[in-house]
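Written below as structure tokens is the structure these notes are about.
The values are calculated or read from the model by the stated rules, or taken from the named source; none is laboratory data. Quantities reported herein were computed from a predicted structural model and do not represent experimental measurements. For neighbour counting, all protein chains shown are included, and Cβ atoms are generated from backbone atoms with ideal geometry for every residue, glycine included.
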Amino acid sequence: MPNLIDGRKIADDLKKKLLTLAQHLEEKRGVKPGLAALRVGDDPASQLYVQLKGIQAKELGYHFEEHVLPAWTPLSTLEAKIKELNQSAHIHGIILQLPLPTELDKFHFLSLIDPAKDVDGLHPLNAGKLFQGIKDGFIACTPLGCLSLIQTVHTHLEGLNVGVIGASILVGRPMAILMLQQDCTVWMAHSKTQNLPSLCETADILIVAIGNPRFIQGDWIQKGATVIDVGINRLPSGEFIGDVDFDSAQERAGAITPVPGGVGPMTVAALLRNTLESAFRHENLPFTL
Ligand code: NAD
């Protein structure tokens, strides 16, 4: 049986450290880390994700606020709301929950967020800093969380072959860059990639984020590989499953994340980490975990 990578436990361990640091910040400076979530429309998955983020932020003693705008919100109202949050003294992190209603251009609105409060790491400046290896930006939460999970299995990443399947700005692209910065040899695949099974066989670490239930088959996976399944797919039965066919994959993998309970909890923990780091930066305090 492979090593099951317990994302809940690893996230809980990180959150305990964040709680202690947040308490120190409040004692020392009277400052609570502040996180604001901005949601447009009534997408049920987005409602649930923001609710989860809010509950966990409050558990760590953060200030949390949710701003909900209707799907028909005029462009200027959303722009004004982002500017208001940029200027708010008690907000250190702003998340614009995606997806936005189709008529709103996410790139336009993400680029209006103050990069110093862009704790999702999706502003072009932060994405560019990741690309160039400049350390004072924010790294997108899901890739950051995946790297922490991978580091529980691999103490040395240099030279390992990493495959990233999925090329979104939210997960796949920043994930590939992050692994390149760990001196891994990285390939990326997407919906037009040819011969995916034979590519997968070359990966010591395979990271999958495509949104296609049980797409990656166990016999594609290199024996002993580490498999990180980012996918969250809801079946008509209500069950959540990943992009990897878990039953056949666990026959081959050396370590694998379950869905649920793998990447999801680490994504939220990484968001809380970035928010706390933002508050420390704002107070000119060094942030070390
Ligand atoms: P997206 O739709 O923006 O991007 C999907 C990517 O996968 C695209 O690059 C596309 O080319 C590629 N792709 C699609 N089908 C493919 C195929 N058959 N073969 C190879 N590549 C294929 O999706 P996203 O936002 O990156 O999310 C991907 C999945 O990860 C979704 O299930 C989403 O719910 C999940 N997700 C989970 C978390 C988490 O915290 N666990 C966070 C973000 C996204």
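Key figures
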item	result
Qualifying residue in the stretch 3-19 (condition: farther than 30 Å from Ala225 by Cα and modelled with pLDDT of 95 or more)	yes
Odd one out for Gly137, checked against (1) touching a Leu at 6+ places or on another chain (Cβ under 8 Å); (2) small (Gly, Ala, Ser); (3) away from the ligand (no atom under 16 Å from the Cβ); (4) in contact (Cβ under 8 Å) with a residue 40 or more places away in the chain	(4)
Of all residues in the stretch 121-140 being in a helix (DSSP H, G or I) and of a type outside the set (Gly, Ala, Ser), the one that is surrounded by the fewest Cβ atoms within 10 Å (Cβ to Cβ)	Gln132
Residue list for the stretch 162-211, restricted to those being part of a strand (DSSP E or B), away from the ligand (no atom under 11 Å from the Cβ) and farther than 26 Å from Glu239 by Cβ	Val162, Thr185, Val186, Trp187, Ile205
Residue selected from the stretch 229-238 under the condition in contact with a strand residue (DSSP E or B) (Cβ under 9 Å, 6 or more places away or on another chain) and more than 8 Å from the ligand (Cβ to nearest atom), by the criterion modelled with the highest pLDDT	Asp229
Of residues in the stretch 255-277 being more than 16 Å from the ligand (Cβ to nearest atom) and either at pLDDT below 95 or surrounded by fewer than 24 Cβ atoms within 10 Å (Cβ to Cβ) (or both), the one farthest from the chain's Cα centre (by Cα)	Ala255
Enumeration of residues in the stretch 88-106 that are out of contact with any His (no Cβ under 9 Å at 6 or more places or on another chain) and either away from the ligand (no atom under 16 Å from the Cβ) or touching a residue at least 60 places away in the same chain (Cβ under 8 Å) (or both)	Ser88, Ala89, Gly93, Ile94, Ile95, Gln97, Leu98, Leu100, Pro101, Glu103, Leu104
Single match in Val263, Val244 (criterion: more than 19 Å from Ala45 (Cα to Cα) and in contact (Cβ under 8 Å) with a residue 12 or more places away in the chain)	Val244
Which listed residue, of Ile150, Ile139, Ile94, is modelled with pLDDT of 95 or more and under 17 Å from Gly34 (Cβ atoms)	Ile94
Any hit, the stretch 214-221, residues being within 15 Å of the ligand (Cβ to nearest atom), crowded, with 20+ Cβ neighbours inside 10 Å, under 30 Å from Lys135 (Cβ atoms) and under 23 Å from the mean Cα position of the chain (by Cα)	no
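Residues are listed down the side, and each one gets a yes or a no for (1) farther than 24 Å from Gly261 by Cα; (2) more than 17 Å from the chain's Cα centre (by Cα):
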{"site": "Ile134", "(1), (2)": "yes, yes"}
{"site": "Thr142", "(1), (2)": "no, no"}
{"site": "Gly145", "(1), (2)": "no, no"}
{"site": "His154", "(1), (2)": "no, yes"}
{"site": "Ile169", "(1), (2)": "no, no"}
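Here is a yes/no grid of residues against (1) in contact with a Phe, Trp or Tyr (Cβ under 8 Å, 6 or more places away or on another chain); (2) hydroxyl-bearing (Ser, Thr, Tyr); (3) part of a loop (DSSP other than H, G, I, E, B):
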| residue | (1), (2), (3) |
| --- | --- |
| Pro213 | no, no, yes |
| Lys223 | no, no, yes |
| Gly238 | no, no, yes |
| Gly264 | no, no, no |
| Thr275 | yes, yes, no |
| Ser278 | yes, yes, no |
| Thr288 | no, yes, yes |
